[in-house]
Amino acid sequence: MSKLKIAELFYSVQGEGRYMGVPSVFLRTFGCNFTCGGFGMPRGEMSAERDAIAERVVEFRDYNQLPLVSTGCDSYASWDPRFRDLSPMLETNAIVDRIMQILPHRRWEEEHLVITGGEPLLGWQRAYPDLLDHDSMHRLKEITFETNGTQPLSTEFKEYLLRWRAQREITFSVSAKLPGSGERWKEAIVPEVVCEYEQVGYTYLKLVIATEQDLADAERAVSEYRTAGFTGPVYVMPVGGVERVYNLNNRAVAEMAMRKGWRYSDRLQVPLFKNEWGT
Ligand code: SF4
């Protein structure tokens with residue numbers, strides 16, 4: 001029986017991308033290859049909010065008690081090792097039991113499964129077949145991997161997904177990290193990986209924008225993906241894990257999307273639920 005280290009497992013409305021508004025189970029795995037400390041910061045500076053929270057880590061017993069941040073990665077506790085004790089390692093059977101408990105009819109109906117992170121396509125690829133092959137998961141029709149687009153699929157997992165999608169739908173929502181995240185271009189923009197996802201499922205880019213400089217970076221990134229053969233749609237989404245920041249730039253980003261002919265993705269979890277953990 002495979003195991004997964006689970007940061008969060010919750011039921012909510014998908015707030016971003018292609019499935020905005022769809023009731024979904026979110027399975028947030030632990031671990032990420034990035035830290036994204038630059039979100040919401042002046043170019044070249046890194047957020048210190050996470051470090052300040054980590055100094056008080058013993059005060060927090062579960063995710064719902066953790067403070068929200070207005071700069072840096074808003075799901076910091078799902079990968080920073082200082083918060084790892086909040087994320088249990090569970091066998092896939094136990095995860096499926098929990099999923100059934102949070103589904104409103106105790107079985108899959110029209111709901112969607114979102115596997116997110118952290119970065120869900122790190123080493124956990126080997127555990128997903130056990131999870132998806134569980135008897136209670138057979139009615140599931142749609143799954144999205146929310147990924148940063150840097151992790152190649154293993155041969156075994158790719159073959160598994162190609163079989164799985166014969167009667168179902170797979171989506172890769174690729175939130176590639178532009179320099180405004182604080183990550184380096186060479187590691188973050190990996191077009192050949194995203195083109196491989198496109199062979200397996202419906203794949204789109206979802207780029208976080210705060211400034212005109214981010215927009216210029218987005219244009220350059222999209223050009224590199226297109227040159228490599230990527231054909232999927234491009235969404236732009238406002239930065240903002242808290243309402244104050246989100247409200248500052250959501251309209252501007254929507255207007256940028258219209259100018260470029262790209263799609264606008266909201267972050268419905270911010271106005272609806274204040275982006276609290278578990279939403
Ligand atoms: S890739 Fe995503 S989860 Fe990982 S640090 Fe960046 S924003 Fe956070």
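Only residues that are surrounded by 20 or more Cβ atoms within 10 Å (Cβ to Cβ) and assigned to a loop (DSSP other than H, G, I, E, B): list them for the stretch 233-258, please.
Across the stretch 233-258, the qualifying residues are VAL239, GLY240, GLY241.
Would you say GLU110 is closer than 20 Å to ARG168 by Cα, of a type in the set (D, E, K, R) and open to solvent by 40 Å² or more (accessible area, probe 1.4 Å)? Let's see the steps before the verdict.
Numbers: closer than 20 Å to ARG168 by Cα: yes; of a type in the set (D, E, K, R): yes; open to solvent by 40 Å² or more (accessible area, probe 1.4 Å): yes.
Yes, satisfied.
For a quick check of your reading of the model, give me the residue pairs whose first member lies in the stretch 243-260 and is at pLDDT below 95, whose second is in a helix (DSSP H, G or I) and surrounded by 14 or more Cβ atoms within 10 Å (Cβ to Cβ), with beta-carbon atoms closer than 7 Å and at least 6 apart or on different chains.
GLU243/VAL270; GLU243/PRO271; TYR246/VAL270; MET256/LEU215
List, please: which pairs have Cβ atoms under 9 Å, are six or more places apart or on different chains, and start with a residue in the stretch 83-96 that is in contact (Cβ under 8 Å) with a residue 60 or more places away in the chain and at negative phi and end with one that is open to solvent by 10 Å² or more (accessible area, probe 1.4 Å) and among the hydroxyl-bearing types (Ser, Thr, Tyr)?
LEU86/TYR63; SER87/TYR63; GLU91/SER2; THR92/SER2
To keep it simple, each residue is scored yes or no on (1) buried (at least 18 other Cβ atoms within 10 Å of the Cβ); (2) farther than 30 Å from ILE170 by Cβ.
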{"position": "TYR11", "(1), (2)": "no, no"}
{"position": "GLY15", "(1), (2)": "yes, no"}
{"position": "VAL22", "(1), (2)": "no, no"}
{"position": "ALA52", "(1), (2)": "no, yes"}
{"position": "GLU55", "(1), (2)": "no, yes"}
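Name the one entry in MET100, MET46 that is open to solvent by 30 Å² or more (accessible area, probe 1.4 Å) and either modelled with pLDDT of 95 or more or within 27 Å of LEU131 (Cα to Cα) (or both).
Details: MET100 fails: open to solvent by 30 Å² or more (accessible area, probe 1.4 Å).
After applying the criteria, what remains is MET46.
So in the stretch 64-92, with the set limited to residues that are of a type in the set (Asp, Glu) and within 13 Å of the ligand (Cβ to nearest atom), which one is most open to solvent (accessible area, probe 1.4 Å)?
Our first condition is that a residue be of a type in the set (Asp, Glu); within the stretch 64-92, this holds for 74, 80, 85, 91.
Filter once more, so that each one left must be within 13 Å of the ligand (Cβ to nearest atom): 74, 80.
Working: ASP74: 57, ASP80: 4 Å².
Selected residue: ASP74.
Go over the candidates ARG165, ARG251, ARG244 one by one and state the one that is over 20 Å from the mean Cα position of the chain (by Cα) and either closer than 30 Å to ARG61 by Cα or within 15 Å of the ligand (Cβ to nearest atom) (or both).
Details: ARG165 fails: either closer than 30 Å to ARG61 by Cα or within 15 Å of the ligand (Cβ to nearest atom) (or both); ARG251 fails: either closer than 30 Å to ARG61 by Cα or within 15 Å of the ligand (Cβ to nearest atom) (or both).
Exactly one of ARG165, ARG251, ARG244 is over 20 Å from the mean Cα position of the chain (by Cα) and either closer than 30 Å to ARG61 by Cα or within 15 Å of the ligand (Cβ to nearest atom) (or both), namely ARG244.
Restricting attention to the stretch 150-157, does a residue exist that is modelled with pLDDT of 95 or more, open to solvent by 10 Å² or more (accessible area, probe 1.4 Å), within 28 Å of ALA221 (Cβ to Cβ) and in contact with a strand residue (DSSP E or B) (Cβ under 8 Å, 6 or more places away or on another chain)? First the steps, then the outcome.
Of the stretch 150-157, the ones modelled with pLDDT of 95 or more are 150-157.
Those left that are additionally open to solvent by 10 Å² or more (accessible area, probe 1.4 Å): 150-156.
With the extra rule that they be within 28 Å of ALA221 (Cβ to Cβ), the set shrinks to 150-155.
Filter once more, so that each one left must be in contact with a strand residue (DSSP E or B) (Cβ under 8 Å, 6 or more places away or on another chain): none.
Checking the stretch 150-157: not a single residue is modelled with pLDDT of 95 or more, open to solvent by 10 Å² or more (accessible area, probe 1.4 Å), within 28 Å of ALA221 (Cβ to Cβ) and in contact with a strand residue (DSSP E or B) (Cβ under 8 Å, 6 or more places away or on another chain).
The values are calculated or read from the model by the stated rules, or taken from the named source; none is laboratory data. A quick note: this is a predicted structure, and the numbers were derived from the prediction, not measured. Positions of Cβ are generated from backbone atoms using ideal geometry, with glycine treated the same way; all protein chains shown enter the neighbour counts. With ligands, DNA and RNA removed, areas are computed over all heavy atoms of the protein, side chains included. Shrake-Rupley method; radii C 1.70, N 1.55, O 1.52, S 1.80 Å.
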